[in-house]
Amino acid sequence: MGSKSRISKYIVPIIQKYIDENGIKTYVEPFVGGANVIDKIRCDTRIGVDNNEYLIALYKSLQNGWDIRSVDMNKELYQNVKDNKDCHPKQVVALAGLLATYNAKWFGGYAGTVVTKTGVVRNYYDEAVRNITKQVPLIKDVEFKCDTYSNLNPVNSVVYCDPPYFGTTEYKDKIDYDDYWNWVRKISANNIVLCSEYNAPDDFECVWSIGTTITLNHSDRSNATEKLFIKI
Ligand SMILES: C[S@@+](CC[C@H](N)C(=O)[O-])C[C@H]1O[C@@H](n2cnc3c(N)ncnc32)[C@H](O)[C@@H]1O
């Protein structure tokens with residue numbers, strides 16, 4: 001789920017400028033994912049939405065002081081959680097499905113300790129736990145909600161959309177891109193809406209871009225230009 005952690009240093013100042021220069025009091029992220037953008041935004045009210053109920057349960061538990069290290073997410077537990085999601089607390093399912101898995105791909109295979117090509121020993125799960133633990137103080141007043149983006153009706157807000165990119169397979173669910181862009185058009189009438197994507201329909205303009213590497217499916221990596229779009 002770290003996709004935005006690499007580029008947040010570029011896009012956060014752009015989003016922040018729209019908030020500050022327009023006196024915006026509410027910031028909304030309909031696809032909050034790893035919260036790598038919302039954790040750096042300053043705004044009176046910050047709302048983080050995702051349709052992954054397990055992820056939202058994890059954030060709420062962490063806000064309530066849950067000790068993430070009370071769970072020993074070994075390979076056996078990972079497999080058990082994967083096969084019996086309903087038998088475990090939702091936040092534990094999120095630990096297995098997102099933190100203990102490669103590149104935060106939903107149950108994309110157990111990623112414990114590995115020796116990388118350069119001989120470095122890495123424990124991906126520990127790294128993910130350390131990263132999210134660092135985020136906890138930065139997201140303590142974020143209002144997290146489990147919902148699908150299309151149910152949201154923000155007004156007078158800055159909305160930053162980072163949906164699963166067209167053509168990628170990293171996330172739990174897919175979205176219909178025609179419906180998505182129509183929803184962005186609708187809410188752009190009374191909000192400032194910024195969208196991350198590689199491409200957008202013609203009635204959107206690119207306000208920022210950077211070259212990047214994307215994962216097209218579980219193994220293919222490819223170069224692409226990551227952009228930020230706004231409705232003309
Ligand atoms: C690209 S990630 C967001 C990355 C995030 N900006 C970050 O900083 O890590 C996309 C997120 O959208 C969520 N998602 C997918 N379909 C959704 C939907 N219909 N409504 C809301 N969230 C959805 C996924 O669960 C995933 O967490």
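If only the Cβ of Lys and Arg carry +1 and only the Cβ of Asp and Glu carry -1, the dipole of the chain around its Cα centre is close to 640 debye. Diffusion coefficient (Stokes-Einstein, Kirkwood radius over C-alpha pairs, 4 °C, 1.567 mPa s) for the chain: 70 µm²/s, rounded to a whole number.
Among 185-191, 174-180, sorting by the average number of other beta carbon atoms lying within 10 angstrom of each residue, highest first, gives 185-191, 174-180.
For segment 1-80 and segment 177-207, what is the separation of their C-alpha centers, rounded to whole Å? Computed from Cα coordinates, the inter-centre distance equals 21 Å. Computed about the Cα centre, the dipole magnitude for segment 54-139 is approximately 260 debye when only Lys and Arg (+1) and Asp and Glu (-1) carry charge, each at its Cβ. Pairs exceeding 26 Å between alpha-carbon atoms, taken from Lys17/Lys140; Lys85/Lys105; Lys85/Lys186: Lys85/Lys186.
In this simple spin-label approximation, Asn64 and Arg42 carry label points 7 Å from Cα along the Cα→Cβ vector, and these lie 3.1 nm apart.
Comparing Thr118, Ser157, Phe229 along the charge dipole axis of the chain, the residue lying farthest to the positive side is Thr118, per the Cβ-charge model.
Think of segment 1-148 as a dipole: +1 on every Lys or Arg Cβ, -1 on every Asp or Glu Cβ, centred on the Cα centre; then among Gln79, Ala57, Ile19, Ile19 lies furthest on the positive end. Computed over the chain, the per-residue total of -39500 (n - 2.57) for DSSP H runs of n ≥ 4 gives a 222 nm mean residue ellipticity of -9000 deg cm²/dmol, rounded to 500. Simple spin-label estimate for Glu205 and Asn22 gives 1.4 nm between the two label positions (7 Å along the Cα-to-Cβ direction from each Cα).
The protection proxy used here, the mean number of other Cβ atoms lying within 10 Å of each residue, ranks peptides 31-43, 117-129, 197-209 as follows, highest first: 31-43, 197-209, 117-129.
Multiplying each eigenvalue of the alpha-carbon gyration tensor of segment 54-139 by 5 and taking the square root yields semi-axes of 21, 17, 10 Å, largest first, rounded to whole angstroms.
Computed from the coordinates by the stated procedures, all read-outs in this text should not be read as laboratory data. Values in this document were obtained by computation on a predicted structure and should not be read as measured data. When we count neighbours, we look across all protein chains shown, and the Cβ atoms used for this are built from the backbone with ideal geometry, even at glycine.
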